Amino acid sequence: MTSDPLKKSRAVVLLSGGMDSAVCATLAARDHDAAAVHVSYGQRTEQRERRAFDGICDRLKIRDRLVVRNDALRVIGGSALTDITIEVPTAASHFSSFPSSFPLSDIPVTYVPFRNAHFLSVAVSWAEVLGAQKVYIGAVEQDSSGYPDCRPAYYDAFNEVVKTGTKDGKIEIVTPLIKMRKAEIVRLGLELAAPFDLTWSCYTREDRACGECDSCILRMRAFREAGALDPIPYHINVAEGTA
């Protein structure tokens, strides 16, 4: 029996529901028979992110979905995203409205300690079960918040762990966006017809994006630099920077 040459290979994509992960999922769904993983970990906007995940999967026609809850990250704490006693910083209070970059010397309090290792472990485990040889993740190093688990060296090292610690050692973690600027990701997403209208990036609100947290500021700047209109609603007037 010969394999069907038209049958796409399997891939697993980590899909938070944010802008970067949606573009990454669009790439995965274009090139593979994609399965999507979403991890809820007690983050402030977990219900809104779950809605974004479901909507994006529907739009991209991703049928196989795995939703996992990781209570460990919330219990461990140490992040403004999982601990309500830690205030989410307002980026505009430290930088101009659209900074050219965020400094990488200080890791912000929105960093969730070693989060992506938890996510990747789930995705790689599922990839083994599905027979998928690629795991996509929309990690971005350029003009990002400077999280250490979004750096190329991190994924090089993690791939060595996966190679050593899986049954066949053939699963590869791929990071197609990691060296791209946010504006480049927006342009790529527009070319691919990625479902930006269904995504959610805000760290604090679930009704309208706050427009003030690091994630919102980076997203707003990216769409502006790409010359495109961000389709999600904001609590502030994006054009004027006012509530």
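Every residue in the stretch 64-118 that is at pLDDT 85 or above and of a type in the set (D, E, K, R), please.
ASP64, ARG65, ARG69, ASP71, ARG74, ASP83, GLU87, ARG115
One line per residue, one yes/no per condition, for (1) surrounded by fewer than 17 Cβ atoms within 10 Å (Cβ to Cβ); (2) in contact (Cβ under 8 Å) with a residue 24 or more places away in the chain; (3) acidic (Asp, Glu); (4) in contact with a strand residue (DSSP E or B) (Cβ under 9 Å, 6 or more places away or on another chain):
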{"site": "PRO176", "(1), (2), (3), (4)": "no, yes, no, yes"}
{"site": "LYS179", "(1), (2), (3), (4)": "yes, yes, no, no"}
{"site": "LEU190", "(1), (2), (3), (4)": "yes, yes, no, no"}
{"site": "THR199", "(1), (2), (3), (4)": "no, yes, no, no"}
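Go through (1) outside any strand (DSSP E or B); (2) within 15 Å of the chain's Cα centre (by Cα) one by one and return the number of the condition HIS38 breaks.
Every listed condition holds for HIS38 apart from (1).
ARG50 versus (1) at pLDDT 95 or above; (2) on the phi < 0 side of the Ramachandran plot; (3) out of contact with any Lys or Arg (no Cβ under 8 Å at 6 or more places or on another chain); (4) outside any helix (DSSP H, G or I): which is the lone unmet condition?
Every condition holds for ARG50 apart from (4).
For the stretch 53-87, give me each residue that is part of a loop (DSSP other than H, G, I, E, B) and basic (Lys, Arg).
LYS61, ARG63, listed by residue number.
Hey, does the stretch 231-241 have a residue that's in contact (Cβ under 8 Å) with a residue 40 or more places away in the chain and surrounded by 17 or more Cβ atoms within 10 Å (Cβ to Cβ)?
No, the stretch 231-241 contains no residue that is in contact (Cβ under 8 Å) with a residue 40 or more places away in the chain and surrounded by 17 or more Cβ atoms within 10 Å (Cβ to Cβ).
The values are calculated or read from the model by the stated rules, or taken from the named source; none is laboratory data. Here the structure is a predicted model, which means the values were calculated and not measured. A quick note on method: Cβ atoms are made from the backbone with ideal geometry, for glycine too, and the neighbour counts reach across all protein chains shown.
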